[in-house]
Amino acid sequence: MAHKLSGGLNIAIVGAGFAGLASALLLARAGHRVSVFEKFKSPQSLGAGILIQPSGLAALQRLGIHDHMVEQGARVLHLHGIHPGQRPVVDVRYAHWRPDAYGLGLHRGVLFDALWQAAQQEGVQITTGVEVTQLAALQARHDLTVVADGAGSVLRAQTGLPVRDRLYPWGAAWAVLDDPGRRYGHTLWQWYRGAHQMLGIMPTGLTPARSGTAGRPVVSLFWSLRADSWTAWRDAGLEAFKQQVRALNPDCEDLLAQLVSLEQLTWARYHDVVMPGYHTPDCVVIGDAAHATSPQLGQGTNLALLDAVALADCLGPAGGPTAPPLPLALARYTACRRRHLHYYGQASRWLTPLFQSDLRLLPWLRDRLMARSLRWPVVGPLNLQTLVGVRQSWWPGAPVLELPQPPGITRAR
């Protein structure tokens, strides 16, 4: 017999990343009994800064942490990428979408800490230092199992759902560096040489305020690298790397001076994960485990947060008078997320070779056409809607994503 949701569900969530913690928070708030299982003994969010788009900001409203994140983050108003000849390649302002729109550069640890604390306050039971390797054992003890164990998921294959998972041949080395004067302002900067070299600097707000210490203003520095050149790049040494950076952007000595060892830079690889559907009758796959992409569109965290909101909406509150059977609720989740997630998977897949590849013709066309295409009647709006996270289709005039509303606000009909 299918589980009804009216009495609340006993839910297991595997993975304490953004998707897992955000889902745990919203589902516990809705009255379900939620347990999170995390393999790391002392979990924390590792990685460079993240860019929260307007779609993700709407999800933060639903999570109840929006204002705190805005206080800790850095408003990004402008994306500016340039060719070595100083020709604009990317020149996008959020105000061209809506006058008050912005992205939010955020330290991963700030978002992680907020979700972790809020989930615990809602009564979520979090067990650390336990790696779940057998999905069936967890399903036997819970009504619903949520697989949120990241791009390299060990449980995804056990669901029996079709999946394609491949590694991109390119990745990035990154570091979070101090920016006490906030000299990088409200702009996410990028510098390109073809598609084989890319430097990025993004305002990232404040470091996590832990142990009573105030956060420090920081930026995230990214350097594009082929995966098979990582070892040679490290062997060449720190000064060789700094010379490469200076060749693209001579005006960043304040950041380079903080790098005294290549150990300060962390290497990251990116998965391209595609799933036609995300659920079985008593299990659902969310976050990077379901739809990991390259970071070119800056959408990974936004998609994860929206997954959490959609899952909570589809399950509904415990004790709801018209609660659907669990398999129907999960089918609704797949139906409401599929178009949005598939669009951003395709867009990231097609965009990545323009910025990370050994190709020559495509980057040459990019340098000459991309900036001006933003002013074209159809292409310009599509690009802006893609940036802010609301596109669901390549067709002009197709309906965009209906953003989550804060609690207590109903959509106009």
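The values are calculated or read from the model by the stated rules, or taken from the named source; none is laboratory data. On a predicted model such as this, the values are computed, not experimentally measured, just so you know. Don't worry about glycine lacking a Cβ; one is built from the backbone with ideal geometry, like all the others, and counts go over all protein chains shown.
Go through GLY287, GLY277 for me and flag whichever is buried (at least 17 other Cβ atoms within 10 Å of the Cβ) and at positive phi.
From the options GLY287, GLY277, the qualifying one is GLY287.
Can you name the residue in the stretch 340-376 that is in a helix (DSSP H, G or I) and of a type in the set (S, T, N, Q) and, of all such residues, is surrounded by the most Cβ atoms within 10 Å (Cβ to Cβ)?
SER348
Out of PRO84, PRO54, PRO88, which single residue is within 20 Å of the chain's Cα centre (by Cα) and either surrounded by fewer than 23 Cβ atoms within 10 Å (Cβ to Cβ) or among the hydrophobic types (A, V, I, L, M, F, W, C) (or both)?
After applying the criteria, what remains is PRO54.
Is it the case, given these coordinates, that LEU60 is at pLDDT 95 or above, out of contact with any strand residue (DSSP E or B) (no Cβ under 6 Å at 6 or more places or on another chain), assigned to a helix (DSSP H, G or I) and buried (at least 24 other Cβ atoms within 10 Å of the Cβ)?
yes
Quick check: anything in the stretch 101-115 β-branched (Val, Ile, Thr), closer than 30 Å to LEU384 by Cα and either surrounded by 13 or more Cβ atoms within 10 Å (Cβ to Cβ) or under 16 Å from the mean Cα position of the chain (by Cα) (or both)?
Yes; the residues of the stretch 101-115 include at least one that is β-branched (Val, Ile, Thr), closer than 30 Å to LEU384 by Cα and either surrounded by 13 or more Cβ atoms within 10 Å (Cβ to Cβ) or under 16 Å from the mean Cα position of the chain (by Cα) (or both).
Check the stretch 295-309 and report whether any residue there is among the polar types (S, T, N, Q), assigned to a loop (DSSP other than H, G, I, E, B) and in contact with a helix residue (DSSP H, G or I) (Cβ under 6 Å, 6 or more places away or on another chain).
yes
I'd like the full set of residues that are more than 16 Å from LEU306 (Cα to Cα), touching a residue at least 24 places away in the same chain (Cβ under 8 Å), of a type outside the set (Ser, Thr, Tyr) and not in a helix (DSSP H, G or I), limited to the stretch 377-405.
TRP394
Out of everything in the stretch 321-339 that is surrounded by 15 or more Cβ atoms within 10 Å (Cβ to Cβ) and in contact with a Gly (Cβ under 9 Å, 6 or more places away or on another chain), what residue ends up being nearest to GLY300 (Cα to Cα)?
Applying the filter and picking the extreme gives ARG338.
Looking at THR386, THR301, which is the one that is of a type in the set (Val, Ile, Thr) and closer than 30 Å to GLY8 by Cβ?
THR301
I'm trying to understand the selection: among the residues of the stretch 296-308, which are surrounded by fewer than 24 Cβ atoms within 10 Å (Cβ to Cβ) and under 10 Å from the mean Cα position of the chain (by Cα)?
LEU297, GLY298
Need the failing condition index for TRP350 against (1) at negative phi; (2) modelled with pLDDT of 95 or more; (3) under 24 Å from the mean Cα position of the chain (by Cα), just the number.
It fails just one condition, (2).
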